[in-house]
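K.L.:
What follows is a structure written as C-alpha cells; I'll ask about it next.
The values are calculated or read from the model by the stated rules, or taken from the named source; none is laboratory data. This structure is a prediction, so every number in the text was calculated from the model and none was measured. Positions of Cβ are backbone-derived with ideal geometry, glycine not excepted, and every protein chain shown enters the neighbour counts. What goes into the accessible areas is simple: the full protein's heavy atoms, side chains included, and nothing from ligands, DNA or RNA. Shrake-Rupley method; radii C 1.70, N 1.55, O 1.52, S 1.80 Å.
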Amino acid sequence: MTRPPTAAQRRLIEAADPVTGRLKGPEAQLAALVKRGLAFRHARPPHDHFLTPAGHRVREAEPGPERVEQPAATGGFAARVGGEEAAPGDGPARLREVRGAWQGMLELRRMTNPDGATDRPCGWERSHLVRAAALALEAAGHRAAGADPGDGGYRVRATPQPEAVAVYEPDGEALRACAATLEEAGWQAGEYTEPRTRARYLLASPRRV
C-alpha cells in the first residue's frame with residue numbers, strides 16, 4: 001500500500017467489528033478496500049467483508065483527532081483482563097456479549113488460519129495477546145479480579161517475552177483451571193513462581209501447530 005486510505009475508507013475500517021473485523025458499508029467502498037489489500041470478501045454466503053491483517057494495522061494505528069480509544073463501556077467489546085477500575089457487570093447481557101465475541105473469534109480463526117483450523121489462535125490473537133487470552137478465560141466462565149489487589153480472580157498481563165502473557169490467580173486450583181482453559185483454546189501454558197514475591201503464575205503463548 002503506497003498511499004493512506006481515503007477518509008471514507010478509514011471510517012469503514014474504524015467502524016469494523018473490534019473482534020472479527022467484519023465490515024459494513026457501500027459495496028464500492030468495500031471493493032476498494034479489497035483492491036488495496038485491506039479487506040477480503042468471504043467466499044461463502046452471505047459474502048461478508050472482513051479486515052485483513054493489514055486492515056487491522058490501519059485500524060489500530062495511532063489515533064488521529066477523529067479517533068480516540070474509548071473504554072469498553074462506550075466503545076467496542078473488550079474482554080476483562082482483571083483489575084479494571086470500572087468493570088462491566090456479570091449479568092445475562094454480559095454473558096451473551098462474551099459468548100458472541102468468542103464465537104466470532106472462532107469464526108475469525110476459521111477464516112484467517114491457512115488451514116481453516118479453529119483449535120489454535122490466529123494472527124489477530126497473536127498481535128493482541130492480553131485481550132485474546134482474557135477472552136478465552138472469560139468465555140470459559142473464569143472470574144476476573146476486581147480493582148482491589150487482594151481480590152481473587154485472574155489477571156492477564158503483558159510480559160517482556162515475545163508472544164507470551166502472564167496470568168495471575170492467587171488460588172492454585174483456579175490457576176490450574178485457567179491453564180486447562182488456555183490449553184483447550186490453543187495456547188501453551190506453564191506454571192512458574194516469581195522469585196521475589198513467590199507468587200505462582202502462568203506463562204502462556206499461542207500454539208502454532
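K.L.:
Suppose the filter is modelled with pLDDT under 95, farther than 24 Å from residue 42 by Cβ, in contact with a strand residue (DSSP E or B) (Cβ under 7 Å, 6 or more places away or on another chain) and of a type in the set (Val, Ile, Thr); does residue 193 pass it?
P.N.:
Yes: the conditions hold for residue 193.
K.L.:
If you take just the strands (runs of 3 or more DSSP E) that sit entirely in the stretch 100-209, which of them hold at least 1 residues that are touching a Phe, Trp or Tyr at 6+ places or on another chain (Cβ under 9 Å) and of a type in the set (Gly, Ala, Ser)?
P.N.:
So the answer is 165-168, 200-206.
K.L.:
If you check residue 153 against the conditions, is it small (Gly, Ala, Ser), under 14 Å from the mean Cα position of the chain (by Cα) and crowded, with 16+ Cβ neighbours inside 10 Å?
P.N.:
no
K.L.:
So for the stretch 120-127 (the condition being open to solvent by 30 Å² or more (accessible area, probe 1.4 Å) and either more than 28 Å from residue 52 (Cα to Cα) or free of Cβ contacts under 8 Å to residues at least 60 places away in the same chain (or both)), does at least one residue qualify?
P.N.:
no
K.L.:
Okay, moving on. Looking at the structure I just gave you, is residue 44 modelled with pLDDT of 85 or more, under 18 Å from residue 20 (Cβ atoms) and open to solvent by 90 Å² or more (accessible area, probe 1.4 Å)?
P.N.:
When the stated conditions are applied, residue 44 does not pass them.
K.L.:
Counting just the residues of the stretch 160-175 that are out of contact with any Lys or Arg (no Cβ under 7 Å at 6 or more places or on another chain) and more than 15 Å from residue 200 (Cβ to Cβ), which one comes out surrounded by the most Cβ atoms within 10 Å (Cβ to Cβ)?
P.N.:
So the residue we want is 164.
K.L.:
Any idea which of 150, 116 is modelled with pLDDT under 95 and more than 25 Å from residue 44 (Cβ to Cβ)?
P.N.:
150
K.L.:
How many residues does the stretch 86-96 hold that are assigned to a loop (DSSP other than H, G, I, E, B) and either out of contact with any Lys or Arg (no Cβ under 8 Å at 6 or more places or on another chain) or at pLDDT 90 or above (or both)?
P.N.:
Matching residues across the stretch 86-96 total 4.
K.L.:
Considering only residues of the stretch 58-85 that are closer than 15 Å to residue 14 by Cα and in contact with a strand residue (DSSP E or B) (Cβ under 9 Å, 6 or more places away or on another chain), which is modelled with the highest pLDDT?
P.N.:
My answer is 58.
K.L.:
Among the residues of the stretch 20-30, which ones are of a type in the set (A, V, I, L, M) and out of contact with any His (no Cβ under 9 Å at 6 or more places or on another chain)?
P.N.:
Within the stretch 20-30, just 28 meets the criteria.
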